[in-house]
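The values are calculated or read from the model by the stated rules, or taken from the named source; none is laboratory data. Note that the structure is predicted; figures quoted are calculated from it, not measured. Cβ sites come from the backbone with ideal geometry, for glycine too, and all protein chains shown count toward neighbours. Note: areas computed on protein heavy atoms with side chains; ligands, DNA, RNA excluded. Shrake-Rupley method; radii C 1.70, N 1.55, O 1.52, S 1.80 Å.
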Amino acid sequence: MAEFLTANDKRTSYCAELSAKNIGERVCVMGWAQKQRDLGSLIFIDLRDRTGIVQLAFDEKTEQSIFDKAFTVRAEFVLCAKGVVRQRGEGAINKNLPTGEVEIAVDEFKILSASQTPPFEIVENSNVNAELRLKHRYLDLRRPDMQRNIIARSKISKIARDYYAENGFVDIETPNLCKPTPEGARDYLVPSRVHKGKFYALPQSPQLYKQLLMVSGFDRYFQIARCFRDEDLRADRQPEFTQIDTEMSFVTADDVMKIHEGFLKRVMKEYMNIDLTEDFIRMPYREAMERFGSDKPDIRFGYELTDLSDVVKNCGFKVFSGAVECGGSVRAINVKGGAKFSRKEIDSLVEFVKSYRAKGLAWLKWAESGDISSSYAKFLTEEENEAIKSAMSAEAGDLILIVADKNKVVFDSLGALRCECAKRMNILDPFDFKFLWVTEFPLLEYSEEDGRFYAMHHPFTSPMDEDLQYIDSDPGRVRAKAYDIVLNGTELGGGSVRIHDGAIQSKMFEVLGLSEAEAQEKFGYLLDAFKYGVPPHGGLAFGFDRLVTLLLGLEDIRDVIAFPKVQNASELMTKCPSEPDSGALAELGIAVVAGEQ
């Protein structure tokens, strides 16, 4: 039977706070039993709370009723123990435990709650399958590594709040029930009971509200905001996630980047104890694509792209020359030391690039012994083969990987391939933090499928002043006042200077195929507000979950979110989403139509 706390039962210490300096002190600790060890005349219980473990000791001096009660304790029982801190016996000191020099000689003891045998052991770095862990997430969160992750998230959140408050930002909450977003990912819709047949949307971001706050004169806005997007999940995505969201008035892109770079340096200093003194690299989008095949390049390693188009454009191998003739390109990476890859491993790389729509992957392996094997060399002259090796600075031990196709396919496939090769070469250090800004993004991107331009970021991003002249004649040439902050190949956040000129905003809508009436219908409240004096403004939003994940050297953002969703956007613990009550649907005026499963 469970016992209860009284007014005299006050915790004096967390478990891991106790050390040799506390010897002789009377303490009260509470937590969960990690394990109980019965040695006959001695019983030891490892008591765990969120700080760590301390040993409880029961011996011949312990009152018999307390000793008997300790005998019944099993893993995950919730306990309250009082006693005196004492030195552990000779040979019993555990140097691997922060509290390993001491134990508590228990003289008062309560079992506050019993526990069934848990479905998995509550230990650090559990190898239990993720589905079982997420089904019993409340147990999974007891594990020390998971608790450290969540506490780290809390600490980084506090650093953010402190930093932005010190720099004049006002913390303002924006609505979670808002107007559906016409562009971007799919919205989560919420039906209105009062306005039958109409729906709110959960915010994909506070974008328009924070721009309206600039119109309102708040100058600097900040929010740790919950956001929602109905999109396919990946390791770095969840349907609901958290942003560190900001906006600033009377600023240029440089001002915005500097203030947010300062935040990242503050986090690295205060949480990671890493002092970043140099300015972050700034790299134009075009350079990032040419060198790394990605607008979020991982610059911890080489394997940069080399354009071989001029070298092979007149060769007899149609895979190469044909790609150039059709307006594409032939590019390659040199995986230094990659000649150790077996033919089977190379074949798996061929399949890897096909997932990025590449038709194939040409390769040349130059073994340390001097032997050369290749998928393409026999189709080229000796001079052409030597020209490729020279252009790639190839030497014994290297693996040359080549893709010939449309530029987008070449960049996408090689950009991903260089990262995949780095993983297989085991050269990536998760704690080698390389930040950079990617700037000068295209304002628009053209969809061949839809036959129209889309905003690369959103339709409120300002074009670069010098490129505005091309908005009608060559829209794809226009660069944006946009910037992304990238860490180790992951986009941590992105933002832009916004359009604050009505004529430019109207032109942007026109280029995107929106009529004046459509623009008014979708964004009328913003356009109306812009008639009353709009300051130049810009902002940025960090993916908070991603930031914490990367700083902790983890691979999955679910490990820093208390109650995450799985791949199909469901939560295994509560079994949501679930079917609604029929009465609730009737009240909302909604009927569910059965569809294909």
Item to complete: Under 6 Å between Cβ atoms, at least 6 apart or on separate chains: pull out the pairs that start in the stretch 292-319 with a residue that is over 15 Å from ASP405 (Cβ atoms) and end on any residue that is of a type in the set (Ser, Thr, Tyr) and in a helix (DSSP H, G or I).
Response: ASP295/TYR285; CYS315/SER321
Practice prompt. Being in a loop (DSSP other than H, G, I, E, B) and not hydrophobic (A, V, I, L, M, F, W, C) is the filter; apply it to the stretch 373-382 and report the residue that is least open to solvent (accessible area, probe 1.4 Å).
Written response: TYR376
Practice prompt. State all residues of the stretch 276-304 that are in a strand (DSSP E or B) and open to solvent by less than 50 Å² (accessible area, probe 1.4 Å); if no residue qualifies, say none.
Written response: MET283, PRO284
Worksheet, complete the sentence: Among (1) assigned to a loop (DSSP other than H, G, I, E, B); (2) at pLDDT 95 or above; (3) surrounded by fewer than 14 Cβ atoms within 10 Å (Cβ to Cβ); (4) acidic (Asp, Glu), ASP9 falls short only on (3)
Worksheet item: What is the number of the single condition among (1) in a strand (DSSP E or B); (2) open to solvent by 70 Å² or more (accessible area, probe 1.4 Å) that ASP46 does not meet?
Response: (2)
Worksheet item: ASN273 is checked against (1) part of a helix (DSSP H, G or I); (2) over 20 Å from HIS457 (Cβ atoms) and fails just one. What number does that condition carry?
Response: (1)
Worksheet entry | Residue that is within 26 Å of VAL560 (Cα to Cα) and polar (S, T, N, Q), where the choices are SER192, SER126 | SER126
Item to complete: Scan ALA81, ALA70, ALA57, ALA75 and give me the residue that is touching a residue at least 24 places away in the same chain (Cβ under 8 Å) and assigned to a loop (DSSP other than H, G, I, E, B).
Response: ALA75
Worksheet item: From the set of residues in the stretch 492-524 that are in contact with a helix residue (DSSP H, G or I) (Cβ under 8 Å, 6 or more places away or on another chain) and farther than 26 Å from SER473 by Cβ, which is modelled with the lowest pLDDT?
Response: GLN520
Worksheet item: Residue check, GLY415 against (1) touching a strand residue (DSSP E or B) at 6+ places or on another chain (Cβ under 7 Å); (2) surrounded by 17 or more Cβ atoms within 10 Å (Cβ to Cβ); (3) touching a residue at least 40 places away in the same chain (Cβ under 8 Å), all met but one. Which one?
Response: (1)
Discussion item. Please return the ranges of helices (runs of 4 or more DSSP H) entirely within the stretch 489-597 where 2 or more residues are on the phi < 0 side of the Ramachandran plot and of a type in the set (S, T, N, Q).
Written reply: 502-511
Discussion item. Looking at the stretch 95-116 only, could you name the residues that are more than 24 Å from ARG148 (Cα to Cα) and part of a loop (DSSP other than H, G, I, E, B)?
Written reply: ALA114, GLN116
Discussion item. From the list GLY451, GLY370, exactly one residue is out of contact with any helix residue (DSSP H, G or I) (no Cβ under 6 Å at 6 or more places or on another chain), modelled with pLDDT under 95, closer than 30 Å to ALA480 by Cα and surrounded by fewer than 16 Cβ atoms within 10 Å (Cβ to Cβ). Which is it?
Written reply: GLY451
Worksheet item: Only one of these conditions is not met by THR117: (1) under 24 Å from LEU141 (Cα atoms); (2) of a type outside the set (D, E, K, R); (3) in contact with a Leu (Cβ under 8 Å, 6 or more places away or on another chain). Which number is it?
Response: (3)
Worksheet item: Among the candidates ALA394, ALA339, ALA387, ALA404, which residue alone is touching a residue at least 60 places away in the same chain (Cβ under 8 Å) and in a strand (DSSP E or B)?
Response: ALA404
Worksheet item: In the stretch 523-569, which residues are of a type in the set (A, V, I, L, M, F, W, C) and over 30 Å from VAL128 (Cβ atoms)?
Response: PHE523, LEU526, LEU527, ALA529, PHE530, VAL534, LEU540, ALA541, PHE542
Worksheet entry | The one condition in (1) within 14 Å of VAL311 (Cβ to Cβ); (2) in a helix (DSSP H, G or I) that LEU364 fails to fulfil | (2)
Item to complete: Go through the stretch 555-580 and give me each residue that's open to solvent by 50 Å² or more (accessible area, probe 1.4 Å) and out of contact with any Lys or Arg (no Cβ under 7 Å at 6 or more places or on another chain).
Response: GLU555, ARG558, GLN567, ASN568, THR574, LYS575, PRO577, SER578, GLU579, PRO580
